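The values are calculated or read from the model by the stated rules, or taken from the named source; none is laboratory data. What you see is a predicted model; the values in this text were computed from it and never measured. A quick note on method: Cβ atoms are made from the backbone with ideal geometry, for glycine too, and the neighbour counts reach across all protein chains shown. For accessibility, only protein heavy atoms count, side chains too; no ligands or nucleic acids. Shrake-Rupley method; radii C 1.70, N 1.55, O 1.52, S 1.80 Å.
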Amino acid sequence: MSFDLLAGALTAREAARATGTLHITGNPGGRIHLRNGWIISVESAGAPGPDTLLLRSGRISESAAAASRENVGTTALHVVAMMATQDAAFSAVAGEIEECVLTGDVHDVAVPMSTGVEPVRLLQETSRRLTSLYALPCPLSPHRERVAPTREAELREHSAVRADVLTHATGRRCARDLAFVCGRSVYSVTIEVCRMVGEGLLMVVPGTTVTTPAAEPLMPLRPRNPQRPAPVPETGADGDDEPLPRSLRRQLLPKLFRQPERKQL
């Protein structure tokens, strides 16, 4: 299961205070950038990056994105980097993860978060998003089902987001593709597409598959040490932050990160 593989890799002893890159092999795959055990960025081919989100907001220009970032405030950059990180993690887990490999490679990150995030907190947010997706009447994969407008959609007025989706939903795009062309996050577009399918405004193109609602939600998670300060630490923390032993992780991870099976119709 994709979520279990990522959760196991991020809570492993090797990743506790690692500086390097966690490479996620799969579809769409991705990589997680770690500094002293804290996540500063997540990138995935299946989710728009910070620059795409900044372009959509009008904060930077497409002709000189790198130079334009200098005109964006530090707080705004951190917020956009956080949004892109959470979206990339969701996109990777909503797809198929084959393997997670941690290496010592340190890659440059164009727009990192100014303050690192604890891995378990990213896992919490990812599990929340998956639970919200599976709880919808018509949950769809962001990477698989292609959608097109129905006749009913032409008879109604729509919000800016929905109008944007309907304009680009040509029957050849899935929710992930729509997120890129609309310059919005994969999660928000996927949720909107699922709702529009449920309301009869979009239809799934024949030949693709609709998933059924999840049987039960993922269990909420709790950080190992919620009192730990936010800045990226340079030295080790106290005993409460020690990673779980491998044998104990095997017992607890299925319970803590339980992800319901997705049935195919």
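Quick notes
- Flag for Arg31 being farther than 15 Å from Gly116 by Cα, in contact with a strand residue (DSSP E or B) (Cβ under 9 Å, 6 or more places away or on another chain) and open to solvent by 20 Å² or more (accessible area, probe 1.4 Å): yes
- Count of residues meeting criterion [among the small types (Gly, Ala, Ser) and not in a loop (DSSP other than H, G, I, E, B)] in region 138-156: 2
- Hits in region 182-200 - residues which are open to solvent by 10 Å² or more (accessible area, probe 1.4 Å) and on the phi < 0 side of the Ramachandran plot: Arg184, Ser185, Tyr187, Ser188, Ile191, Glu192, Arg195, Val197, Gly198, Glu199
- Check on Gly49, touching a residue at least 60 places away in the same chain (Cβ under 8 Å), of a type in the set (Gly, Ala, Ser) and farther than 26 Å from Arg184 by Cβ: no
- Search result, residues across region 14-29 that are outside any strand (DSSP E or B) and either at negative phi or of a type in the set (Phe, Trp, Tyr) (or both): Glu14, Ala15, Ala16, Arg17, Ala18, Thr19, Pro28
Let's see how each residue does on (1) out of contact with any His (no Cβ under 7 Å at 6 or more places or on another chain); (2) modelled with pLDDT under 95; (3) under 25 Å from Val189 (Cα atoms); (4) in a helix (DSSP H, G or I):
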site	(1), (2), (3), (4)
Gly8	yes, no, no, yes
Leu53	yes, yes, yes, yes
Ser68	yes, yes, no, yes
Leu77	yes, yes, yes, yes
Met82	yes, no, yes, yes
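- Of the residues making up region 159-181, those that are part of a loop (DSSP other than H, G, I, E, B) and open to solvent by 50 Å² or more (accessible area, probe 1.4 Å) are Ser159, Thr170, Arg172.
Listed here are the residues, each with its yes/no results for (1) modelled with pLDDT of 95 or more; (2) touching a Gly at 6+ places or on another chain (Cβ under 6 Å); (3) in a strand (DSSP E or B).
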| position | (1), (2), (3) |
| --- | --- |
| Cys100 | yes, no, yes |
| Pro112 | no, no, no |
| Leu122 | yes, no, no |
| Glu125 | yes, no, no |
| Thr131 | yes, no, no |
| Leu136 | yes, no, no |
